[in-house]
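Visitor: Have a look at this one before I ask anything.
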Amino acid sequence: MKRTLQEWANLAEIIGNAAIILSLVFVGLQISQNTVQLEQNTMTARAAAVSASNAALRDTRRSLYESAEVLETYLRGNETPEDLDEASLFRYRLLMSNVMEVMVDIHAQTWTTGFSPETWSTLGVKTVERVMSTKGGQWFWAAYADNYPAAFQVEVDRIIQNSSARSQ
């Protein structure tokens, strides 16, 4: 059976259309696989960020329980920062800076990278409440709040106001 040129053209068009459809299916599968991989990478990055923030807090805590001198400075700084000598006040400020920088990190990641808001509301807010409820925390924030991003300053001020309202 002899085929005409038109029949060959029709057959080529059918084969071409099938190839296009197969290519689209293949591209769709690749996009789906890439999406799954991106989601997995995002979850891994978020978990690593949470882990890094927790490690930074643990390091600060470790400095307190491993050194009686650092612990004494921290406790005295929380109670009466004005009674600390210059070197102890500087150490206390650095301890507070370490804690607040972790809080900045958690806050920023919550709002920019999709950290679970629960991480901020449990770890972040609660830590800020505890730190800012001390005389030393209040001294630190009054003196150094402007070292932090504006959105974080607003959030800390909101936490302080809410804590004050609840305690009254």
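Visitor: Could you tell me which helices of the chain pass both thresholds, a Cα extent of 24 Å or more along their own axis and a mean Kyte-Doolittle hydropathy of at least -1.0, with helices taken as whole DSSP H runs? Could the numbers behind the result be given before it?
Guide: Details: long enough: 5-66 (88 Å, 0.22); 86-112 (38 Å, 0.21); 150-167 (26 Å, -0.18).
Those that clear 24 Å and a mean of -1.0 are 5-66, 86-112, 150-167.
Visitor: As a test of the definition: which semi-axes, in Å, follow for the chain when you take the square root of five times each eigenvalue of its alpha carbon gyration tensor? Largest first, please.
Guide: So the three semi-axes of the chain are 61, 16, 12 Å.
Visitor: While we're here: Roughly speaking, what is the stretch gain from Thr112 to Arg166, that is 0.36 nm per residue apart minus the C-alpha to C-alpha distance, in nm to one decimal?
Guide: Extra length from Thr112 to Arg166 when fully extended: 16.5 nm.
Visitor: Set the Förster radius R0 to 41 Å, insert the Cβ-Cβ distance between Arg58 and Ser23 as r into 1/(1 + (r/R0)^6), and round the FRET efficiency to 0.05.
Guide: Efficiency computed from Cβ-Cβ geometry: 0.20.
Visitor: Let me ask something else. Considering only Ala12, Ala145, Ala52, give the residue with the highest GNM mean-square fluctuation for the chain, with springs between Cα atoms whenever their separation is below 10 Å.
Guide: Looking only at Ala12, Ala145, Ala52, the largest GNM fluctuation is found for Ala12.
Visitor: In deg cm²/dmol, rounded to 500, what helix-only [θ] at 222 nm does the chain give when every DSSP H run of at least 4 residues adds -39500 (n - 2.57) and the total is split over its residues?
Guide: -28500 deg cm²/dmol
Visitor: Can you figure out the FRET efficiency of Ser51 with Lys135, using R₀ = 25 Å and their beta-carbon distance, to the nearest 0.05?
Guide: For R0 = 25 Å, the calculated efficiency reads 0.20.
Visitor: Just going by the charge dipole of the chain, with Lys and Arg at +1 and Asp and Glu at -1 on Cβ, which of Thr60, Ala18, Val104 is farthest out on the positive end?
Guide: Ala18
Visitor: In addition: Where is the GNM fluctuation largest for the chain (alpha-carbon springs, 10 angstrom cutoff): Asn78, Asn41, Asn98?
Guide: Asn41
Visitor: In debye, nearest 20, what is the charge dipole magnitude of the range 15-168 about its Cα centre with +1 on Lys and Arg Cβ and -1 on Asp and Glu Cβ, if you could check?
Guide: 480
Visitor: Between Glu82, Glu69, Glu13, which gets the highest mean-square fluctuation from a Gaussian network model of the chain, Cα cutoff 10 Å?
Guide: Glu13
Visitor: Between Leu94 and Leu38, what is the FRET efficiency for a Förster distance of 35 Å, r being their Cβ-Cβ separation, to the nearest 0.05?
Guide: About 0.35, to the nearest 0.05.
No value in this document is a laboratory result; all are computed from the given coordinates. Quantities reported herein were computed from a predicted structural model and do not represent experimental measurements. Glycine also receives a Cβ, built like all others from the backbone with ideal geometry; neighbour counts cover every protein chain displayed.
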